[in-house]
Amino acid sequence: MTDRKRKIRKPRAAQEAAELRRRSDTVKVDELLPRLRSRAGDVKQEVDPIVSPQVVWYRLLKLTNLMGRPFFTRFAQQYELSINDWRVVTTLASMPEAASHELCQVTGMHPMNVSRSVATLRKQGRVSERTDPTNRRRKILSLTDKGWEVYNHGVPQVRRMAQFLFSSMSPLEVEFFDRLVDLLVDRLEEVDLESDMFVGELPESDTVAD
């Protein structure tokens, strides 16, 4: 096989994905995902250049930034909310009640950011806090009527964004993407994200003499 043919030949994983995209959406994602993951070695051998994980990482960051941009046009200013405040509101709306550390687990947010958002929302009267009668050390958080009002105003905007974003994808592709996101989340939840493995040693900052 010539080098030219090798360059234009699609890897088997890409061929399978394209074929399944053309087929009916009755194809089960559980059948697709293991096969594509098992072809990873073939893809690495046949595709040149390989898409760098770091490049994909930055594209994911861009995606999240673009998704959040409409939030800051009107809604955030009108209701004096940060994106983290909104995440706390939506999470509490999906749970009857929760403690701060439980919000961290569900959202993946840093405890400091959750604490700041909870303090802001309590000051705004959108979140209430009470002591758990079975555990005096546990503070239970829940949305107030004002909190539910903000949530109900924000949900339609989220729904419009979601419908627009995924309208170009088939139901199978949406389900497949959902499973990929689950894989990434599970992977990160298996480790300590604040360990030296990810943070490393930061360079010493320059100090200015008095």
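Figure legend. Inter-residue proximity from the range 67-92: first residues more than 11 Å from Gly154 (Cα to Cα) and without any contact (Cβ under 8 Å) to a residue 40 or more places away in the chain, second residues assigned to a helix (DSSP H, G or I) and basic (Lys, Arg), beta-carbon distance below 8 Å, spacing 6+ or different chains. Indicated pairs: Asn84/Arg116. Look at the range 120-133: where a residue is surrounded by fewer than 12 Cβ atoms within 10 Å (Cβ to Cβ) and a partner is of a type in the set (Val, Ile, Thr) and modelled with pLDDT of 95 or more, sitting 6+ places away or on another chain with Cβ atoms under 7 Å, you get Gly125/Thr144. Residue pairs whose Cβ atoms lie under 9 Å apart, separated by 6 or more positions or on different chains, with the first residue in the range 143-155 and not assigned by TED's automatic domain parsing to the domain that holds Arg87 and buried (at least 18 other Cβ atoms within 10 Å of the Cβ) and the second in a helix (DSSP H, G or I) and among the β-branched types (Val, Ile, Thr), do not occur. Taking Phe166 as the residue in question, decide whether it is without any contact (Cβ under 8 Å) to a residue 12 or more places away in the chain, of a type outside the set (D, E, K, R) and over 19 Å from Glu80 (Cα atoms). Considered against the rule, which asks whether it is without any contact (Cβ under 8 Å) to a residue 12 or more places away in the chain, of a type outside the set (D, E, K, R) and over 19 Å from Glu80 (Cα atoms), Phe166 comes out as yes. Would it be correct to say that Leu81 is modelled with pLDDT of 90 or more and either over 25 Å from Phe164 (Cβ atoms) or not aliphatic (A, V, I, L, M) (or both)? In short, no.
Being farther than 30 Å from Glu194 by Cβ, of a type in the set (S, T, N, Q) and in contact with a strand residue (DSSP E or B) (Cβ under 8 Å, 6 or more places away or on another chain), is that true of even one residue in the range 150-169? No, that holds for no residue.
Check whether at least one residue in the range 194-210 is part of a loop (DSSP other than H, G, I, E, B), within 29 Å of Leu81 (Cα to Cα) and at pLDDT 90 or above, and report yes or no. The answer is no, given that none of the residues of the range 194-210 is part of a loop (DSSP other than H, G, I, E, B), within 29 Å of Leu81 (Cα to Cα) and at pLDDT 90 or above. If you check Ser52, Ser117 for being in the same structural domain as Ser142 (by TED's automatic domain parsing) and among the hydroxyl-bearing types (Ser, Thr, Tyr), only one passes: Ser117. Only one of the numbered conditions (1) modelled with pLDDT under 55; (2) of a type in the set (Gly, Ala, Ser); (3) at positive phi is not met by Ala14, and that is (3).
The values are calculated or read from the model by the stated rules, or taken from the named source; none is laboratory data. Note that this is a predicted model, so its numbers are computed, not measured. Here Cβ is always computed from backbone atoms with ideal geometry, including for glycine, and neighbour counts include all displayed protein chains.
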